[in-house]
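Here is the structure we will look at.
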Amino acid sequence: MREEFPLHDATFDGIVIMEKVATLYFRATDGRGCEARLSGIDALHMDDFQQGNIVVLFETTTGEPPRKTVGLERLYGSPHPSAAKQYHEKSEAFLARKHRAIEAGELTVVEMVPAIGADLLATCERVEFNYHGHGS
């Protein structure tokens, strides 16, 4: 199931990671605070966090193949092109296992695409989303 969270044009304010749990903090366009809690993190990668992060898309995928534009190599790495064939084969088998875990619903892919700033990709066991405070 692919689910888009209502964070288009929200401001991404920060992330706190403790053990295998990451809490992401947002401010929605109506002024309410929101947080996404990623539990059972398997891998997480974020680039370009800066002041004024604006979200275009925040989406999760589990129980089906991730979109083709989601490259799990970004999370799990890949061997250098000149590495021996055995390392490439092991990497391909490892990524295939991760894809199967996503398709089986054992892992969830989390993708946050920015208009400005932070670009996040993660895999985890569970995602919870909550609003808090009052909007305008």
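The values are calculated or read from the model by the stated rules, or taken from the named source; none is laboratory data. From a predicted model like this one, the values you see are computed outputs, not experimental measurements. Ideal geometry is used to build each Cβ from the backbone, glycine not excepted, and the neighbour counts take in all protein chains shown.
Points worth noting:
- Residue selected from segment 47-71 under the condition part of a loop (DSSP other than H, G, I, E, B) and among the hydroxyl-bearing types (Ser, Thr, Tyr), by the criterion farthest from Leu121 (Cα to Cα): Thr62
- Candidates are the residues of segment 1-46 that are part of a strand (DSSP E or B), among the basic types (Lys, Arg) and under 20 Å from Leu75 (Cα atoms); the one that is modelled with the lowest pLDDT is Arg2.
- Residue in segment 81-89 that is under 27 Å from Asn130 (Cα atoms) and of a type in the set (A, V, I, L, M) present: no
- Check on His80, farther than 14 Å from His8 by Cα, within 12 Å of the chain's Cα centre (by Cα) and exposed (fewer than 15 other Cβ atoms within 10 Å of the Cβ): no
- Every listed requirement among (1) of a type outside the set (Asp, Glu); (2) at pLDDT 95 or above; (3) not in a strand (DSSP E or B) is met by Ser78 save one, (2).
- Per the conditions (1) within 19 Å of Thr61 (Cβ to Cβ); (2) surrounded by fewer than 15 Cβ atoms within 10 Å (Cβ to Cβ), the sole criterion not satisfied by Met18 is (1).
- Verdict on Gly77 being free of Cβ contacts under 8 Å to residues at least 40 places away in the same chain, on the phi > 0 side of the Ramachandran plot and out of contact with any His (no Cβ under 6 Å at 6 or more places or on another chain): yes
- Residues that are out of contact with any Cys (no Cβ under 9 Å at 6 or more places or on another chain) and either in a loop (DSSP other than H, G, I, E, B) or surrounded by fewer than 19 Cβ atoms within 10 Å (Cβ to Cβ) (or both) within segment 115-132 comprise Ala115, Ile116, Gly117, Ala118, Asp119, Glu125, Arg126, Glu128, listed in sequence order.
- Taking the conditions (1) of a type in the set (D, E, K, R); (2) in contact with a helix residue (DSSP H, G or I) (Cβ under 8 Å, 6 or more places away or on another chain); (3) within 14 Å of Val127 (Cβ to Cβ) in turn, Arg37 satisfies each one other than (2).
- Selection within segment 46-77 - of a type in the set (Asp, Glu) and surrounded by 14 or more Cβ atoms within 10 Å (Cβ to Cβ): Glu59
- Contact map, segment 80-108: first residue free of Cβ contacts under 8 Å to residues at least 40 places away in the same chain, second residue assigned to a loop (DSSP other than H, G, I, E, B) and loosely packed, with under 12 Cβ neighbours inside 10 Å, Cβ cut-off under 9 Å, separation 6 or more or different chains; pairs are Tyr87/His80; His88/Pro81.
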